[in-house]
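K.L.:
Mind looking over this structure? Questions follow.
The values are calculated or read from the model by the stated rules, or taken from the named source; none is laboratory data. Every value quoted in this text rests on a predicted model; they were computed, and no experiment measured them. Using ideal geometry, Cβ is built from the backbone for each residue, glycine included, and neighbour counts are taken over all protein chains shown.
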């Protein structure tokens with residue numbers, strides 16, 4: 001009878017033989033990942049020990065078809081270093097700032113001062129879902145951070161599978177704690193003036209001690225006018241803005257003021273010439289009132305070496321966290337507790353306001369392009385706050401009233 005053909009990753013019958021030196025050897029045929037059947041042998045002091053050793057080898061064995069970039073004996077730390085290297089070199093991959101966030105997230109499962117069960121020294125062949133979960137549990141991270149760490153590990157271990165260092169992804173089996181999602185609301189148009197007035201009052205130091213924050217009101221006005229990300233707005237240069245028509249378009253009635261989103265400020269306060277997504281580099285038409293604000297600002301502001309529209313007293317770019325922190329401080333002040341719209345306000349709140357208005361006047365696709373999103377789904381799910389519209393299909397359902405089958409119900413169209 002012919003031998004049964006082995007499937008990839010399976011082995012045949014194990015045979016055991018006693019050797020001259022008194023030890024035992026177990027042998028079996030194994031189908032490697034390249035489809036080639038090979039015979040493997042393992043020794044042991046007893047027959048059962050030899051058989052157990054061979055079975056253990058098959059459990060960890062991943063074949064001989066790998067490209068050598070990663071091996072089962074490499075550690076999780078080795079894997080992550082290679083993954084980050086690949087991501088840095090990948091065209092269209094995560095930005096340097098995003099990769100920095102990923103490294104920061106992973107510290108919660110790699111550093112001994114963050115978790116009692118660090119996974120960095122584990123060999124890839126030994127990593128199990130429970131090991132990753134133990135590292136996450138002992139770190140005490142939030143559900144949101146747990147989700148982010150798990151996402152990065154899934155992508156890294158997928159690369160290990162590609163290089164055939166492991167057969168399965170241990171991170172995918174780690175339970176993902178659902179993150180409570182409450183859709184954040186935009187600032188309603190009717191509340192904008194109250195929010196503006198409170199921010200302007202605080203910035204002018206009318207009710208507090210300390211220095212003024214002269215840029216903050218204009219920053220908020222431009223967020224409302226454009227829907228830009230805070231990092232994009234703070235990176236704005238005068239050379240990115242066209243406030244007057246160029247000579248060749250002076251008589252062109254279709255011309256309007258506009259700006260080009262041409263970069264962003266990173267979390268470290270550096271300006272970079274790329275955006276959060278490929279769609280982030282985009283032109284934005286300016287409403288007349290925003291163009292007037294910029295013209296006034298350009299006249300009043302002394303030139304600076306950075307060509308920055310918004311610049312600190314020290315001649316540097318504003319940090320995004322500083323602007324966010326000032327708004328957070330304002331909304332927690334007792335003086336403004338009666339302004340409900342101010343309680344959750346952030347730079348992104350105005351972005352949602354703009355998205356909602358553009359969707360209402362135009363459509364969701366227009367809002368997607370304006371905000372610099374690559375997916376309309378993201379715009380609709382997280383930014384647009386649509387009014388509830390009840391569709392009226394009663395002309396059809398009224399026909400189903402009691403007695404409608406006998407001609408006693410309401411006539412069609414009533």
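K.L.:
Of the residues in the stretch 64-113, how many are outside any helix (DSSP H, G or I), in contact (Cβ under 8 Å) with a residue 12 or more places away in the chain and closer than 15 Å to residue 152 by Cβ?
P.N.:
Of the residues in the stretch 64-113, 1 are outside any helix (DSSP H, G or I), in contact (Cβ under 8 Å) with a residue 12 or more places away in the chain and closer than 15 Å to residue 152 by Cβ.
K.L.:
Now a separate question. Got at least one residue in the stretch 240-259 being touching a strand residue (DSSP E or B) at 6+ places or on another chain (Cβ under 7 Å), under 21 Å from residue 100 (Cβ atoms) and touching a residue at least 12 places away in the same chain (Cβ under 8 Å)?
P.N.:
For the stretch 240-259, residues touching a strand residue (DSSP E or B) at 6+ places or on another chain (Cβ under 7 Å), under 21 Å from residue 100 (Cβ atoms) and touching a residue at least 12 places away in the same chain (Cβ under 8 Å): absent.
K.L.:
Would you mind stating whether residue 157 is more than 30 Å from residue 36 (Cα to Cα) and in contact with a helix residue (DSSP H, G or I) (Cβ under 9 Å, 6 or more places away or on another chain)?
P.N.:
Details: more than 30 Å from residue 36 (Cα to Cα): no; in contact with a helix residue (DSSP H, G or I) (Cβ under 9 Å, 6 or more places away or on another chain): yes.
Against the criterion (more than 30 Å from residue 36 (Cα to Cα) and in contact with a helix residue (DSSP H, G or I) (Cβ under 9 Å, 6 or more places away or on another chain)), residue 157 does not qualify.
K.L.:
In addition: Answer yes or no as to whether residue 42 is without any contact (Cβ under 8 Å) to a residue 40 or more places away in the chain and surrounded by fewer than 14 Cβ atoms within 10 Å (Cβ to Cβ).
P.N.:
No.
K.L.:
Then there is this: Could you please find all residues in the stretch 45-63 being under 45 Å from the mean Cα position of the chain (by Cα), outside any loop (DSSP other than H, G, I, E, B) and surrounded by 15 or more Cβ atoms within 10 Å (Cβ to Cβ)?
P.N.:
53, 54, 57, 58
K.L.:
A further question on this structure: Of everything in the stretch 127-146 that's out of contact with any helix residue (DSSP H, G or I) (no Cβ under 6 Å at 6 or more places or on another chain), buried (at least 16 other Cβ atoms within 10 Å of the Cβ) and free of Cβ contacts under 8 Å to residues at least 40 places away in the same chain, which residue is farthest from residue 172 (Cα to Cα)?
P.N.:
This residue is 134.
K.L.:
Count, please, the residues in the stretch 276-307 that happen to be out of contact with any helix residue (DSSP H, G or I) (no Cβ under 7 Å at 6 or more places or on another chain), assigned to a loop (DSSP other than H, G, I, E, B) and under 30 Å from residue 375 (Cβ atoms).
P.N.:
3
K.L.:
Does the stretch 331-348 hold any residues that are in a helix (DSSP H, G or I) and over 13 Å from residue 219 (Cβ atoms), and which are they?
P.N.:
Matches in the stretch 331-348: 331, 334, 335, 336, 340, 341, 342, 348.
K.L.:
Another one. Of everything in the stretch 4-24, what is at pLDDT 90 or above, assigned to a strand (DSSP E or B) and touching a helix residue (DSSP H, G or I) at 6+ places or on another chain (Cβ under 7 Å)? Give them in sequence order.
P.N.:
16, 24
K.L.:
Are any of the residues in the stretch 314-327 free of Cβ contacts under 8 Å to residues at least 24 places away in the same chain, surrounded by 13 or more Cβ atoms within 10 Å (Cβ to Cβ), under 27 Å from residue 260 (Cβ atoms) and within 28 Å of the chain's Cα centre (by Cα)? Can you show your working first?
P.N.:
At the first step, the residues of the stretch 314-327 found to be free of Cβ contacts under 8 Å to residues at least 24 places away in the same chain are 314-315, 322, 325.
When the remaining residues are screened for being surrounded by 13 or more Cβ atoms within 10 Å (Cβ to Cβ), the result is 322.
This time we only want the ones that are under 27 Å from residue 260 (Cβ atoms), so: 322.
If we keep only those that are within 28 Å of the chain's Cα centre (by Cα) too, we end up with 322.
Checking the stretch 314-327: at least one residue is free of Cβ contacts under 8 Å to residues at least 24 places away in the same chain, surrounded by 13 or more Cβ atoms within 10 Å (Cβ to Cβ), under 27 Å from residue 260 (Cβ atoms) and within 28 Å of the chain's Cα centre (by Cα).
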